[in-house]
1. Is one or more of the residues making up region B:170-193 acidic (Asp, Glu) and in the same structural domain as residue B:239 (by TED's automatic domain parsing)?
2. Of a type outside the set (Ser, Thr, Tyr), within 7 Å of chain A (Cβ to nearest Cβ), part of a helix (DSSP H, G or I) and at negative phi, is that true of residue B:299?
3. Any residue at all in region A:97-115 that's under 60 Å from the mean Cα position of the chain (by Cα) and outside any helix (DSSP H, G or I)?
4. Taking region A:87-110 only, how many residues are buried (at least 18 other Cβ atoms within 10 Å of the Cβ), within 9 Å of chain B (Cβ to nearest Cβ) and modelled with pLDDT of 80 or more?
5. Give the residues of region A:346-362 that are without any contact (Cβ under 8 Å) to a residue 40 or more places away in the chain and within 20 Å of the chain's Cα centre (by Cα), sorted by residue number.
6. Please verify whether residue A:342 is without any contact (Cβ under 8 Å) to a residue 24 or more places away in the chain and not assigned by TED's automatic domain parsing to the domain that holds residue A:238, treating the condition exactly as stated.
7. Which residue is surrounded by the most Cβ atoms within 10 Å (Cβ to Cβ), if the candidates are limited to region B:141-174 and must be over 21 Å from the mean Cα position of the chain (by Cα) and on the phi < 0 side of the Ramachandran plot?
Amino acid sequence: MQRNYQHELELARVAGRLSRTENVVMLGLISGESTTRVRQRLFRHLAGLPTAPADSSSSTANTLQMESLIRDCDKLAKHQASAFNKTLAPIEQALEQLQKIKQGSPSSQASLRQALSHVQKINGDSGGSSASAPALRELATNVSKYGKHVEKTFKHPLDSLGDGSSAQFFAQKHGEHVGRALIEHFVHSGQFGLAAAYAEESRVSKPGGEHETRFREMFAVAREIEEQRQVERAVEWAERQGGACEALEFELRRLRFLQLVEQAEPTRALEYARAWFPKFASSRMAEIEHLMGIFIYARRLGSSPYAALFDESRWRQGAEHYVACVCRQAGVPGASPVRVAVDAGATAIPVVCKVAGLMRDRRVEWSQQNELAVEVPLPADMRFHSVFACPVSKEQATEENPPMALPCGHVVCRASLEKLARGVRPGVVASGRFKCPYCPVMASLADARAVHF
Amino acid sequence: MDKVNMEHMLAIEEPFLKVPLEQLKRSARQIQKLVEREMAAVSSELSEALKNQYRLAPEELQKTVDGLIERLQVLKRKLEDANQEEAQLIQRSKRRAIELQELKGFETTAHPLFQQWCRRRLDRVLVDYMLRNGNMRTAQMLVEESQLEHFADTSLFSLVMAIEAELKESHSCRGALEWCAENRSALRKIQSSLEFELRLQEFIEMARAHNRAGAIAYAKKHMVSWSDTQLPRIERAMTLLAFPPTTLCPPYRAMFDQARWQTLSDSFRTVIFQLYNLPAQPLLHLLLQTGLSALKTPACVSEEPSEHNRNCPVCQTETLGKLARDLPLSHHVNSNLVCRITGEKMDEDNPPMRLPNGYVYSQSALSDMAAKLDGKIKCQRTGQVFKLSEATKLFIS
């Protein structure tokens, strides 16, 4: 199988569009496509046709498999109960007979005989010498069958990542850092008891308490918003930030305003609006006007155009917004970094696993490279830095080869521009002017401007 | 919106389903063997008693009966325990399959329930990490706080910890040898020599105590059966008897070394993890390594602090950043642009805008700023002020 892909990769190299094509092949390989399909995709790609995304039918197969595993477990549970009953009942009966003899029953012979027959019942009909417990044996067989089904669900073993020496090195060198990251994670999730207990048990030094105090207070205030539906403390905090959290302040004020309307206190709601909304007049006039219209519908909010404003999740969203603002103002991450890294890892593992398996044949450790061999498709909320890949050369921009904007607004790396400016057709004197690769506008190297993302 | 890829999500879940399964397999086989053995013994004793009952004195019959009752009661108790344990393991397997099945319901990664699911997954991974490191108390706390009773393999790790402590601290092979006896066929299947190593250690301890006769008898009883594969080592062990524990002769000094207990404990762990399909490394390490690598960009490792993003795990220079230092950078063949002001993705819907000084921000960030600053925009990185109309739209293909 791997040799087949080697062939595709060779093909890609010949075609001279290495990085992108390599990626097409690698991605196909990772999602477990058949060679034919990858080849199809590759040809489409080389021909400049759009390549269809990988087949998603395999994921439905997986859910079906999971459903059948759940059914297996149900069956197994029934089977297990009955197998043990079948074994336990005769033992109890045999015990009963033996107890009778012990208590001096006159017919000890009959009791012995009966006890023996109960015991033999467990052994099946095979009698004394070749003992077997058919019910339990069958149960063990059924467990193995279930095991085979589980086996089938997981096609790609984790091993290829696992026992490399660099992984051990990682464990030895970084135990302390992982420990500290975990304590920060617990603090960040409001699990202060766990943070303290873990620091003590794992003997990792706990970072300063100032961090923790901030989070403690933040979570207390967030709970006030979400559970008690009180915004006062959060609003005060937002005001103190001098305009940096204006959006939060407005959202909280609006929550309070809507609360008063909902509690059928129009006078107080109106007073509240007069006291606090003018402050936002310059930036949020339209929204305020819309809010004030609510008094027309005060008696039938549920069927009014304003019903959506009273969605149950609004308190949670307010609390989340508050937490995000506090984190931003304090310069700490908005989401626990361990959480983000682990989620990214779950996306990356299947991709890296495949590559690591291939690399291992060449006796290279994936973690010893300067760069991963393939792109990991992370979701947008896990992108924290701009990365510019030149659409012409497919290379990542660097300081030596920075991205340049042409007058038409298209961006290409400098090395590619220089190549374009030199001209491609032999014998023709390069004029230095060239057509933008993405639109009909002509440009020259001197027109291009550096961009910093 | 990003779709949830079920197959990818399952890639790390193999041990999750397999640990209770392997436990179940072991228990089912062991209990079957036990019942077979006991029933054969009981039934032959019963037949014997039946045959001889007229020749037996009443006291003798009574003694036999008492013995049988005792035996059956022990068996019954064991069966009841195993019954309960197996029922629990099946329940646990089912709960875990249901947890994985839930992934089907999430259309996109933004689904709030998917976020909760990921949160639970992280807690599972953390419990695994703590159990492996022997932080049993914290692990238990996390299990209780996050209601992960069915998702934590506490009993397995308690067993591992107990046997390891016995090896490392009390220098005793008893528990480990018992475990080997219970799992002999599985060990044979993976061609593990763990049992031999343990036997060898007991032999060494006898040699250390100058109990030569005992050592020879022990070797005859427990080590000869390994002669097919381990003959040279048995020979060397016998030669050990000629050396005092204080010897400086390298191979024998190594055998007498107390560090051998640590090695034994490590190989025990390797073997038991292998039998239960647990990866040698904690899942947390694998996830952090691959995750950090996938997140790592040249900006994260820049000397310039302004290049860092407070939300980026790799930019946490004191903790995760240190872990990421030796890991590969992420690979990109497609551009991914993130606005420095809002942190939002820049694409056709929110295009990147270039200021005259070359710095780029998202359109939404610039228009928000212009609304507040009277049509002016200020470059976050250089402090220069421009008019919004001076910004030009860029096209990224």
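1. Yes, some residue in region B:170-193 is acidic (Asp, Glu) and in the same structural domain as residue B:239 (by TED's automatic domain parsing).
2. no
3. No; the residues of region A:97-115 include none that is under 60 Å from the mean Cα position of the chain (by Cα) and outside any helix (DSSP H, G or I).
4. Residues meeting the conditions: 6.
5. Selection gives A:346, A:347, A:348.
6. In short, yes.
7. Applying the first criterion (over 21 Å from the mean Cα position of the chain (by Cα)) to region B:141-174 yields B:169-174.
When the remaining residues are screened for being on the phi < 0 side of the Ramachandran plot, the result is B:169-170, B:172-174.
On the way: B:169: 10, B:170: 11, B:172: 16, B:173: 23, B:174: 13.
In this case the residue turns out to be B:173.
The rows are residues; the columns are (1) touching a Gly at 6+ places or on another chain (Cβ under 7 Å); (2) aliphatic (A, V, I, L, M).
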residue: A:348; (1), (2): yes, yes
residue: A:352; (1), (2): no, yes
residue: A:366; (1), (2): no, no
residue: A:375; (1), (2): no, no
residue: A:394; (1), (2): no, no
residue: A:403; (1), (2): no, no
residue: A:411; (1), (2): no, yes
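The values are calculated or read from the model by the stated rules, or taken from the named source; none is laboratory data. Values in this document were obtained by computation on a predicted structure and should not be read as measured data. All Cβ positions, glycine included, derive from the backbone under ideal geometry; neighbour counts span all protein chains shown.
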